[in-house]
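Each reported figure results from applying straightforward, stated rules to the coordinates on display, with no laboratory input. What you see is a predicted model; the values in this text were computed from it and never measured. For neighbour counting, all protein chains shown are included, and Cβ atoms are generated from backbone atoms with ideal geometry for every residue, glycine included.
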Amino acid sequence: MSDQTGFTGLFEEHYEEVLRYAWRRVGAADAPDVAAETFRIAWEKYDRLPHDQPLPWLYTTARHVVSNHIRSGTRRDGLAASLAEGLLRHGAESDHAAIVAARHAALAALDNLNEDDRELVLLLAWEGLDLRQSAKAVGCSWPTARMRLHRARKRLHRLLTADGQATAAHSYLEGLT
């Protein structure tokens, strides 16, 4: 039996179980992504799987994927909260509605960056890397990363200015250097 045939059988037999496992932990919206990532890892490590009883291994892998997913969401929420706090600190009211609006504006602005620029900003903001480390992680030179960061800051500033958050956005974006 080829690896592809064996993996297809493994997938068909256990996908629904892994999907339900993920669904109970991260909800319906993210469960398919967790299941897909779990089976991607299973494909890469197929020769090392316990083929007699693969489900416990799949659950262990899914648990790690869920943990990474939750950490990533926590970092994203932390960045959004930090940006929202910066926005609020510079003129917006400190009520719950203003915080939600500021967080929404921050996430929308981040989502409007191109993938490379967003990754650079997030490595700096979430992972705490400096610009040289971030450049290495995204596979570019330090001067290129510096230019990308400059463009990203300007774009974030424009996007947040369009939402009426100019002063707060400028203050927050200064912290990304």
Open item on the list: Along its three principal axes, how long is region 3-71 when you only count alpha carbons? Whole Å, largest extent first please.
Closed with: 31, 19, 17
Task: Which of Ser67, Ser134 has the fewest Cβ neighbours within 10 Å, and the rest in rising order - done: Ser67, Ser134
Task: Dipole of region 3-71 [Lys/Arg +1, Asp/Glu -1 at C-beta], most positive-end residue of Ala22, Phe11, Asn68 - done: Asn68
Open item on the list: Only sites in a loop by DSSP and with at most 14 other Cβ atoms within 10 Å count here; which GluC sites (Glu not before Pro) in region 108-161 make the cut?
Closed with: Glu127
Task: Net length gained if the chain between Asn114 and Ala36 were fully extended (0.36 nm per residue, minus Cα distance) - done: 25.6 nm
Open item on the list: Please compute the length gained on full extension between Ala28 and Leu55, using 0.36 nm multiplied by the number of residues separating them and subtracting their Cα-Cα distance.
Closed with: 7.7 nm
Task: Contour excess over end-to-end distance, with Cα ends at Glu16 and Ala162 and 0.36 nm allotted per residue - done: 48.1 nm
- [ ] Between Trp43 and His104, take the C-beta separation as r, use R0 = 22 Å, and let me know the FRET efficiency to the nearest 0.05.
- [x] 0.05
